[in-house]
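Trainee: Before we start, here is the structure in question, set down as structure tokens.
The values are calculated or read from the model by the stated rules, or taken from the named source; none is laboratory data. Because the structure is predicted, anything quoted here is derived from the model rather than measured. Reconstructed Cβ throughout: ideal geometry from the backbone, glycine too, with neighbour counts over all protein chains shown. Side chains are part of the model used for accessible areas, which takes the heavy atoms of the whole protein and leaves out ligands, DNA and RNA. Shrake-Rupley method; radii C 1.70, N 1.55, O 1.52, S 1.80 Å.
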Amino acid sequence: MNKKQKRTIIVLSSVLLFVVCILLLVLSRGSKYVIDFNSKSITRTIEYGDTFLEPNITAVGHRRLFYRKKEKLKVTKEGSVDTGTIGKNKIKYTATYKGVTSSITITVNVTDTTPPEINLVSNPDSFTSPVGEYVEEGYSAFDNHDGDVTANVVRTPGDGIVTYSVEDSFGNKESVVRKIVYKDVVPPTVTLTGDVTVPVEVGTEYNEQGATATDDVDGDITDTVKVDGTYDINTPGVYTLTYTATDKSGNVGSTQRIVLVHKKQVAAVNPGDHVVYLTFDDGPYKYTEQLLDLLDKYNVKVTFFVTNQYPDYQNLIAEEAKRGHTVAIHSYSHNYASIYTSVDAYMADLNQMSDIVVAQTGKRPTIVRFPGGSSNTVSAKYCSGIMTALANTLTANGYYYCDWNVSSGDAGGTIATEQVVANVTSGIAGHDVSIVLQHDIKDFSVNAVEQILQWGLTNGYTFLPMSESTPMEHQHINN
Ligand code: ZN
């Protein structure tokens, strides 16, 4: 062998050894087939409650060496992701190719990094007085994981702000600030000096007493009070004056006064005088107190024919007397079927009521009105001639019984305030001395009184409470 031949053998041996080594290497790695996934094993993080989007995992199989034709493989999946639970979820994807099985795993971490949301209730019309304290309008807090966490909100008032803070169970914090809008939207309060209704005799003088005004922010602003409206002291009428005050923020407060220019009021009845005795039967009841307040406003005194039908209001009998009205007897029970059976039965009922009036007022009443009036015929059902006997008995015992000559109609078909006003004013217009029948147990009738007073006072009538010298109205006795 020459040198050249020797070198050829060495080269060929080396190539053969290399090929054998490669073959050994391939065989030592097991299969000659492999599977490739389009993704590596990964770890992902997803927020609690969010929708998990499934990754599109695909796999191909192919020969490890030389002829590498790729074949798409079926991928099976094990495991799922529950985004409704905090923690780790694993999904394993597996593919098989010519006896070779391979898989990858995706780890999905469900976490909560979202802070709660705080919502403030804010009324656009809600302002805080510059001298007032902010009144909480409300708030709520909701967390994606914990749900309603309103109760955990910490509210910290500051200078012109309120801070609301809250933390969820994973330590996610949120805080919002409310800016308080300070603005004076409260009008001043205007208070009349003197009475709301000032009766003034025609041709005399009206003495303006003015009004005071206070504001929640500005304090005493009486100097801003302006009076608007006119009156004619020489012409009877109802005149309204308006008092307004304006605060520094432009809020206007107001109140009104009635100047009631009327003809001269008489103290006693003389022929030709126009006198009205307003009388109210069947109370006291729940409308009596407002009636008393109204009568005070006009400084008018009336007569109450009282009963014990509503004992809860018995103390108003004392109030009626205290405010200068006449308290007279109507009936204790107001039950025709018992009081009109005999003189004794009637007198027993009358005395019971009389005792209550004495207890309330300290005075025994002498003026009486029969339930149904002296002309009633219902009593004949229970006792013939009873009204005649009772009229004689009362007179003989020093009582004065009195009916009416003007009916408001409020015990019958009338149920409207305007109709009561019309019935009473037209009735009054037809008499020099009117004894008006109304019932203070009827709200629509009580509501008519102010208009009746204004009409009467401005048309020259005098309102008086009854006394023993009042000309008693007696209807014709029919039984
Ligand atoms: Zn009655």
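Trainee: For the stretch 165-178, give me the residue count where each residue is part of a loop (DSSP other than H, G, I, E, B) and either among the hydrophobic types (A, V, I, L, M, F, W, C) or surrounded by fewer than 16 Cβ atoms within 10 Å (Cβ to Cβ) (or both).
Mentor: So the count comes out to 3.
Trainee: Continuing with this model, one more query. Among (1) more than 16 Å from the ligand (Cβ to nearest atom); (2) under 27 Å from VAL420 (Cβ atoms); (3) under 34 Å from the mean Cα position of the chain (by Cα), there is one condition THR288 misses while meeting the rest; what is its number?
Mentor: Among (1) more than 16 Å from the ligand (Cβ to nearest atom); (2) under 27 Å from VAL420 (Cβ atoms); (3) under 34 Å from the mean Cα position of the chain (by Cα), the lone unmet condition for THR288 is (1).
Trainee: Answer with yes or no whether ASP112 is touching a residue at least 40 places away in the same chain (Cβ under 8 Å) and of a type in the set (D, E, K, R).
Mentor: yes
Trainee: When the residues of the stretch 116-133 are filtered to those that are of a type in the set (A, V, I, L, M) and open to solvent by less than 70 Å² (accessible area, probe 1.4 Å), which remaining residue is nearest to VAL181 (Cα to Cα)?
Mentor: The residue in question is LEU120.
To keep it simple, each residue is scored yes or no on (1) open to solvent by 40 Å² or more (accessible area, probe 1.4 Å); (2) at pLDDT below 95; (3) under 29 Å from the mean Cα position of the chain (by Cα).
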{"site": "VAL135", "(1), (2), (3)": "yes, yes, yes"}
{"site": "HIS145", "(1), (2), (3)": "yes, yes, no"}
{"site": "ILE180", "(1), (2), (3)": "no, yes, yes"}
{"site": "VAL186", "(1), (2), (3)": "yes, yes, yes"}
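Trainee: Being on the phi < 0 side of the Ramachandran plot and either in a loop (DSSP other than H, G, I, E, B) or touching a residue at least 24 places away in the same chain (Cβ under 8 Å) (or both) is true for just one of ASP403, ASP355, ASP349, ASP344. Which residue is that?
Mentor: Only one candidate qualifies: ASP403.
Trainee: Do any strands (runs of 3 or more DSSP E) entirely within the stretch 95-164 hold 2 or more residues that are on the phi > 0 side of the Ramachandran plot and in contact with a Lys or Arg (Cβ under 7 Å, 6 or more places away or on another chain), and if so, which?
Mentor: In the stretch 95-164, no matching strands (runs of 3 or more DSSP E) lie anywhere.
Trainee: Can you tell me how many residues in the stretch 358-380 are assigned to a helix (DSSP H, G or I), more than 16 Å from the ligand (Cβ to nearest atom) and touching a residue at least 40 places away in the same chain (Cβ under 8 Å)?
Mentor: 3
Trainee: Would you call SER338 within 16 Å of the ligand (Cβ to nearest atom) and open to solvent by 40 Å² or more (accessible area, probe 1.4 Å)?
Mentor: Yes: the conditions hold for SER338.
Trainee: Turning to a different aspect of this structure: Restricting to the stretch 298-334, name every residue that is within 16 Å of the ligand (Cβ to nearest atom), touching an Asp or Glu at 6+ places or on another chain (Cβ under 8 Å) and assigned to a loop (DSSP other than H, G, I, E, B).
Mentor: Correct list: GLN309, TYR332, SER333, HIS334.
Trainee: Then there is this: Step by step: first the residues of the stretch 408-424, then only those that are within 13 Å of ILE452 (Cα to Cα) and surrounded by 19 or more Cβ atoms within 10 Å (Cβ to Cβ), then the one that is nearest to the chain's Cα centre (by Cα). Which residue is that?
Mentor: THR417
Trainee: Further question: Report yes if GLY283 is more than 16 Å from the ligand (Cβ to nearest atom), among the small types (Gly, Ala, Ser) and under 38 Å from the mean Cα position of the chain (by Cα), otherwise no.
Mentor: No, not satisfied.
Trainee: What number goes with the only condition from (1) at pLDDT 95 or above; (2) open to solvent by 50 Å² or more (accessible area, probe 1.4 Å) that ALA268 does not pass?
Mentor: (1)
Trainee: Any residue in the stretch 465-474 that is open to solvent by 10 Å² or more (accessible area, probe 1.4 Å) and under 24 Å from THR417 (Cβ atoms)?
Mentor: yes
Trainee: Got a sec? Which of GLY324, GLY362 is assigned by TED's automatic domain parsing to the domain that holds LEU292 and either modelled with pLDDT under 95 or more than 29 Å from GLY427 (Cβ to Cβ) (or both)?
Mentor: Every option except GLY362 fails the conditions.
Trainee: Taking ALA448 as meeting all but one of (1) open to solvent by less than 10 Å² (accessible area, probe 1.4 Å); (2) within 16 Å of the ligand (Cβ to nearest atom); (3) among the small types (Gly, Ala, Ser), write down the number of the exception.
Mentor: Single failed check for ALA448: (2).
Trainee: Right, next: Which ones in the stretch 198-257 are buried (at least 19 other Cβ atoms within 10 Å of the Cβ) and either among the small types (Gly, Ala, Ser) or in the same structural domain as ILE452 (by TED's automatic domain parsing) (or both)?
Mentor: ALA211, ALA213, ALA245, GLY253
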